[in-house]
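Undergrad: Pasting a structure below so you can have a look.
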Amino acid sequence: MHIVLVEPEIPGNTGNIARLCAATGCELHLVKPLGFSIEDRYLKRAGLDYWHLVKVHVHENFTEVTEKYKDRRFYFNTTKAGRHYSEITYCTDDMLVFGKETAGLPPAVLAANSQSCIRIPMIHGARSLNLSNAVAIVTYEALRQQKFSGLD
């Protein structure tokens, strides 16, 4: 499984997601511009001593990701989707894409990929979940469907 963070802004969220990737074997893709340095102490602190277990890829832009992984299925997480994340049948090499904390994914990306957009259901009036929580929810559903293959 691949977790793609498009222009993440908060080092603590990315650190938590890196820790999730370390615990699950997911690869982490960070798409620039980043709202922090990957040397940021808050980023490292949130990941604690797990960083050596994470395969991290840094991409200059989202187009670079789609070109490099054009044979993969991409799922775009947004509060604007009609389909729930739990309605998808995930494969082991799927790309789970999440946008930045303050704005989500760019409207052009969502419009170009509307058939692959998914969301986490919430009560009316709730704006969104914390990014690291959203990544964990969707990732563990995808891994559950894979019968947690490779995990103890």
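Undergrad: Within segment 46-143, report the trypsin sites (Lys or Arg not before Pro) that DSSP leaves as loop and that have at most 15 other Cβ atoms within 10 Å.
TA: K55, K70, R72, R73, K80, R83, R127
Undergrad: Fully extended, how many nm does the chain gain between V58 and I137 (0.36 nm per residue separation, minus their Cα-Cα distance)?
TA: Stretched fully, the V58-I137 segment lengthens by 26.1 nm.
Undergrad: Could I ask something else about it? Can you work out ³J(HN,Hα) from phi for every residue in segment 91-106, in order, using Karplus 6.51 cos²θ - 1.76 cosθ + 1.60 and θ = phi - 60°, giving whole Hz and x for Gly and Pro?
TA: Per-residue couplings from phi come out as 10, 5, 9, 5, 9, 9, 9, 10, x, 6, 4, 8, 9, x, 7, x Hz.
Undergrad: Quickly estimate the mean residue ellipticity at 222 nm for the chain, helices only: each DSSP H run with n ≥ 4 gives -39500 (n - 2.57), and the total goes over all residues, rounded to 500.
TA: -9500 deg cm²/dmol
Read the figures in this text as sums done on the coordinates, not as results from a lab. Every value quoted in this text rests on a predicted model; they were computed, and no experiment measured them. All Cβ positions, glycine included, derive from the backbone under ideal geometry; neighbour counts span all protein chains shown.
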